[in-house]
Amino acid sequence: MSKSSLSLAALQYGKLWGRGHETFPKSIRRILSVKGQGDAPTQFLQGLVTCDLFSDPKPPRATQEANHGQQQQQQQQTEMEIPPIRFDPNMRSACFLDPKGRILTDALLWKKANSNNINDGGGGHSSPGPNPVEYLIDVPGDSADILLDHLRKYKLRRTKVNIQDVSDNVSVHCVYGTLNADGAPPGYLAALDPRHPSLGMRIISGCSNDEAKNQSTSFESRKESFSKMMKNFFPESNGTYEVIRKLGGVAEGIEIQGKTALETNQEFLNAVSFQKGCYIGQELTARSQHIGTIRKRVLPIILVDTQIQIPQPWIVAHKIQEYGLSSIMDKDSEFRDIVDIEGEIPPPLPKLSAPAAGGVVALLSGNLSLPDTTTTNTTTGSNNVANSLGKAKEDTADSQKHMELLKKENQKLLKDMEQVAVPGAKIINKHDGKTVGQVISRPAPGTSVVLAQMRLDEMGLLESEKGGGFRITNKVLIGDGTREFRYLPYIPLWWPDIDAKTGKEKL
């Protein structure tokens, strides 16, 4: 795929994060193996996961980012056919539920068929009878033991599968800034993240316990080998995944444990099938989809000081929710100039990719680099140049002072957040004392972004007789803290349009 066509294809899923790679230790990701003959592993897992293992997984929802040079993009589309982005049908997202329908953990499932070695092209030695099939379950480290116990519990009546933790012999890697997962070398499995390609390309290296007798490698050696292979094109960037997924609004592992699949947006991540047969926890999931109203969902929110200037996208969202779009679009409206529709109805909240959210955070924290003022226009008179440079230096000095002040205030903000923005902390509206949400994850490293389960009516995403909706003047307390914060919620790029009557995907 050429660079230009790859860039065009990337428009389908928003901006990509900068290039990089990392290898996850067992504390972050572990690999469990479910192995057996024929369809025994598939039948076993089919009754435990929310996705349908007997049908191909759906690709992630393609959503173009707003203000992305729409006219230029349309012209490019007419001149060049957008190449397809290939998602591996043998990799899919899933959830495991308890009998009450509450999440135990999310996971990524890799299916290996008729193979003894990772990515050997299916040329492993076959055994008599049905071909061997293995599922490698890529699971968050903080919920791996819970899932392992869950699998073994339901294996009691199904003795035709072998369940093992192979994390000592298999490692999980991630590569960012690419949409091409083809051509993995022997010993590796590679595929784009089936939840959304902005989360990177997922790679597995190593061997299962059965192969470890003849080929034992350590985590450090696998990490070093992978780094040598990637570093010339994708530099090592440890910790990037945590930042990307939280900026992108993706909660996982212990963060979503005890919650329902729909409250945590798993149906938006293609982890839930509403057409498959029975599985553990299906009743609550199906009832929520077909009957109930979803009143809370996991959202990313940016926490800021109450005195900071609010970025324009949230001002627009506030005005649209307060006055209504038709009133704002009236030619005599004082807010008409700040709303740029471009032929589309704007969402109730800003809709951002992870890189776009990162840009907002950098702006608010004073971490954006200032433009270079040393270049001059040689066609301009020398006096004008000198005057312009003098003025530019003054402006730059003022801007530099402002940026330094923002950085100091942001450092204090992050320090205060670390004390109160912990999983389980309630987000309380200072105005009326009501709880509007609950923190489910600590801030993304180096940012003021947290994942929180928020009331949709308070976000303006669900109709309410009592009013509600997002206001830029909001003030909240978090947990037992006394400092006031302001929250700026946004909709992840991979979300569909939400029905304001049900809190579900608009049909």
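Regarding segment 450-457, can at least one residue be identified that is in a loop (DSSP other than H, G, I, E, B) and surrounded by 18 or more Cβ atoms within 10 Å (Cβ to Cβ)? Within segment 450-457, none of the residues are in a loop (DSSP other than H, G, I, E, B) and surrounded by 18 or more Cβ atoms within 10 Å (Cβ to Cβ). Considering (1) of a type outside the set (D, E, K, R); (2) within 17 Å of L299 (Cβ to Cβ); (3) buried (at least 18 other Cβ atoms within 10 Å of the Cβ), the lone condition that L413 does not fulfil carries the number (2). For segment 143-173, a residue qualifies if it is touching a Lys or Arg at 6+ places or on another chain (Cβ under 6 Å) and open to solvent by 20 Å² or more (accessible area, probe 1.4 Å), and exactly one does: N162.
Taking segment 280-302 as the range and being touching a residue at least 60 places away in the same chain (Cβ under 8 Å) and among the hydrophobic types (A, V, I, L, M, F, W, C) as the test, the residues that pass are I280, L284, I294, V298, L299, I301, I302. Which pairs have Cβ atoms under 7 Å, sit 6 or more apart or on different chains, and link a residue in segment 346-358 that is in contact (Cβ under 8 Å) with a residue 60 or more places away in the chain and open to solvent by 40 Å² or more (accessible area, probe 1.4 Å) to one that is assigned to a helix (DSSP H, G or I) and not basic (K, R)? Listed by first residue and then by second, the contacts come to P348/A317; P348/I320; P348/Q321.
For segment 235-272, a residue qualifies if it is hydroxyl-bearing (S, T, Y) and more than 24 Å from L303 (Cα to Cα), and the qualifying residues are S237, T260. When restricted to residues that are out of contact with any helix residue (DSSP H, G or I) (no Cβ under 8 Å at 6 or more places or on another chain), open to solvent by 20 Å² or more (accessible area, probe 1.4 Å), within 24 Å of W494 (Cβ to Cβ) and assigned to a loop (DSSP other than H, G, I, E, B), segment 274-291 contains 1. Pairs meeting the criteria (first residue in segment 303-315 and on the phi < 0 side of the Ramachandran plot, second residue surrounded by 15 or more Cβ atoms within 10 Å (Cβ to Cβ) and among the aromatic types (F, W, Y), beta carbons under 8 Å, at least 6 apart or on different chains) are L303/F485; L303/Y487; V304/F485; V304/Y487; D305/F485; T306/F485; P313/Y490; W314/F470. Among the residues of this structure, T23 counts as one that is in contact with a helix residue (DSSP H, G or I) (Cβ under 6 Å, 6 or more places away or on another chain), polar (S, T, N, Q) and at pLDDT 95 or above. Among the numbered conditions (1) part of a loop (DSSP other than H, G, I, E, B); (2) closer than 17 Å to P89 by Cα; (3) modelled with pLDDT under 95, the only one that R195 does not meet is (3). Restricted to segment 130-192, the set of strands (runs of 3 or more DSSP E) holding at least 3 residues that are over 30 Å from P235 (Cα atoms) comprises 132-140, 161-165. A count restricted to segment 253-266 and to residues that are open to solvent by 10 Å² or more (accessible area, probe 1.4 Å), at negative phi and of a type outside the set (S, T, N, Q) stands at 4.
The values are calculated or read from the model by the stated rules, or taken from the named source; none is laboratory data. Since this is a predicted model, take the numbers as computed values, not measurements. FYI the Cβ positions are ideal-geometry reconstructions off the backbone, even for glycines, and counts take in every protein chain you see. Only protein heavy atoms, including side chains, enter the accessible area calculation; ligands, DNA and RNA are left aside. Shrake-Rupley method; radii C 1.70, N 1.55, O 1.52, S 1.80 Å.
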